[in-house]
Each structure stands twice: as C-alpha cells, then as structure tokens.
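The values are calculated or read from the model by the stated rules, or taken from the named source; none is laboratory data. Being a predicted model, the structure only gives us computed values, none of them experimental. Using ideal geometry, Cβ is built from the backbone for each residue, glycine included, and neighbour counts are taken over all protein chains shown. Heads up: the accessible areas ignore ligands, DNA and RNA and are worked out on the full protein's heavy atoms, side chains in. Shrake-Rupley method; radii C 1.70, N 1.55, O 1.52, S 1.80 Å.
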Amino acid sequence: MQILLTNDDSIDSPFLELAIDFLRSKGNLKVVVPREEQSWKGKSITRFSDMVAEPCEIHGVQGCTFSGTPADCTNFAIYNLYEEQKPDIVVSGINIGANTGVSFICSSGTVGACLEANIAGVPGIAFSQALDRTVFFDWADNRRVPEGTMNVLRDRILPQMDMTWEALSRREDWLRDPITWNVNMPVLPAEDCKPVSAFLGHTFYGSIFKQRGEIYVHDVDSPVPDETPASDTAVVSSGHVAVTRLDLLTFGQDSDPL
C-alpha cells in the first residue's frame, strides 16, 4: 500500500511522530508536511507565491516540507512525487485538537488535505485528537506538549488509530471510493472505547477576530456544541472515536429541483 502522510500543524508537531510510528508498518510511507503551521486553512490552494520543497528525513522516513497549505502538500505530492500510480490513500494528521462540527470541518486544514486527495481520486483519512484546554493552549501558546502528557497520549492514541484503521479496512469500499473518513479521538477514552459512525454536528463558530489595540487577532468564541445523539461531538464526548464519512461526489445531490 502506498501511503501519503501530511498534516496542518507542520513538521514540528509532536503528533506527527505518532502518525509515522503507526503508519510505517501499514505500507510504503511518504511524508510531505507544511513548513509552517497551516491551521484553519481549509482546502485553500496557494496562488500567488513561489513554492519550495525541501527534502528531509522526518522521524526516520524520507519526505519533505512544502511552503504551502495542507491541500498544497497533497496536490504537490500526488502529482510530483508519485510517477505512474497515485498513492492508495492520503492520511492527514494527527491534528492537535478535535475537528468536529460543520463549520470547523470547512475550516480544517487537516480535513482539507484529504478533500484535495479526493479531488485527485484518492481516498483519505483525517485523524484528530481532542485535548483538554490546558494541553491545547500550552501547545498553541508555547509550541510544546510536556513529555509526561505525550506518553499518556501515545498510549491512548495508537490503539484508537489501530482499531479505527482495522474497522475501515474491513469495509467493501476500503481504498475504492475517493471519500474522506473524518476521525476524532476523545480526550478520555471510555473503558469500551470503539469507533462509532457519526454525522457532522451542527456546531457553528461565531466571531473569530478580537480587537487588540489597533489590530485584530484570531480568537474564536466558544461555540455551543451540537450534542445530538450520534453527532460527532456527542460521540467524542462519550469517550468513543467518532468516524464521519465525507463524500464530495454526493454534495448537492439531494437538493430539490427548481
């Protein structure tokens, strides 16, 4: 199996090594990640900048950084690093923080990388790890996750990724259709933690920018989560892994005719 791995938290993400450790035994792995963090970029494509690829070894795997968005990384890799055959799957993540709810999915660079793969006819899995506020903001403010916290997270994340991968690989459409599986792992796994099919919750953010003196900075109002049973947010809150199917080919097909 040919696997392309990317993310939106850049090469210095501590969760990138976890993803590599998990995927290196699943197939032939290539890694292409943004040179700098590209969170909240959705599926945007860079138009007016010269792009630079810098080959390097990333946690024991050959790859490169790319001076663009996650979707840029996916498109660049598929059409420039693979010769006759595209990768079998694009894996994006592990994102630092959950990607649940409609509005956050549209904004997620992690998910955007997989949607770009779908446009190229390649299926994708977007992995995200929900975190408590202390851990999340320690990363956001200081670019660090304490070693003790990482050890705990590693012990939780790898088994959840494995059970989810195995569940998806048993499907008849595994690696067949260009769809994205959006996977969100809980802060505290339930004793019987398992992958659960979920739908995109109707969680919508409000104001994103707050004034600081004469400038405005990114500072999102806390949204009201959609806790409807079987929503992605509700599944994650219950301690299970939320797995949501995103299919570009069905977007807009259910609308009433004019």
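Here Glu17, Glu37, Glu54 are screened, and the one residue that is outside any helix (DSSP H, G or I), among the charged types (D, E, K, R), out of contact with any Phe, Trp or Tyr (no Cβ under 7 Å at 6 or more places or on another chain) and within 25 Å of Gln129 (Cα to Cα) is Glu37. Per the listing Thr100, Thr164, the residue uniquely touching a Ser or Thr at 6+ places or on another chain (Cβ under 9 Å) and within 17 Å of Trp181 (Cβ to Cβ) is Thr100. For the stretch 145-158, state whether one or more residues are at pLDDT 95 or above and either of a type in the set (Asp, Glu) or within 30 Å of Thr250 (Cα to Cα) (or both). Taking every residue of the stretch 145-158 in turn, at least one turns out to be at pLDDT 95 or above and either of a type in the set (Asp, Glu) or within 30 Å of Thr250 (Cα to Cα) (or both). Right, Arg171: assigned to a loop (DSSP other than H, G, I, E, B), on the phi < 0 side of the Ramachandran plot and open to solvent by 70 Å² or more (accessible area, probe 1.4 Å) or not? Here the answer is yes, as Arg171 does meet what is asked. Residues in the stretch 57-66 that are open to solvent by less than 30 Å² (accessible area, probe 1.4 Å) and either of a type in the set (S, T, N, Q) or not in a strand (DSSP E or B) (or both): Thr65 alone. From the list Glu191, Glu227, the one residue that fits, being in contact with a helix residue (DSSP H, G or I) (Cβ under 6 Å, 6 or more places away or on another chain) and either free of Cβ contacts under 8 Å to residues at least 60 places away in the same chain or not in a strand (DSSP E or B) (or both), is Glu227. Among the residues of the stretch 174-193, those that are surrounded by 14 or more Cβ atoms within 10 Å (Cβ to Cβ) and not hydrophobic (A, V, I, L, M, F, W, C) comprise Asp177, Pro178, Thr180, Asn182, Asn184, Pro186, Pro189. Please verify whether Leu29 is open to solvent by less than 40 Å² (accessible area, probe 1.4 Å), over 19 Å from Ala117 (Cα atoms) and either at pLDDT 95 or above or small (Gly, Ala, Ser) (or both), treating the condition exactly as stated. When the stated conditions are applied, Leu29 does not pass them. Selection of the stretch 118-155 for residues being closer than 25 Å to Asp219 by Cβ, open to solvent by less than 50 Å² (accessible area, probe 1.4 Å) and either assigned to a helix (DSSP H, G or I) or in contact (Cβ under 8 Å) with a residue 12 or more places away in the chain (or both) yields Ala126, Ser128, Gln129, Ala130, Leu131, Val135, Asp138, Trp139, Val145, Thr149. Evaluate the following for Ser222: is it of a type in the set (S, T, N, Q), within 21 Å of the chain's Cα centre (by Cα) and on the phi < 0 side of the Ramachandran plot? Yes, satisfied. Looking at Asn99, is it modelled with pLDDT of 95 or more and either outside any helix (DSSP H, G or I) or of a type in the set (A, V, I, L, M) (or both)? The answer is yes for Asn99.
Yes or no, residue by residue, for (1) out of contact with any Ser or Thr (no Cβ under 7 Å at 6 or more places or on another chain); (2) closer than 23 Å to Thr164 by Cβ; (3) outside any loop (DSSP other than H, G, I, E, B):
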residue: Cys73; (1), (2), (3): no, yes, yes
residue: Ile78; (1), (2), (3): yes, no, yes
residue: Glu83; (1), (2), (3): yes, no, no
residue: Asn95; (1), (2), (3): no, yes, yes
residue: Val111; (1), (2), (3): no, yes, yes
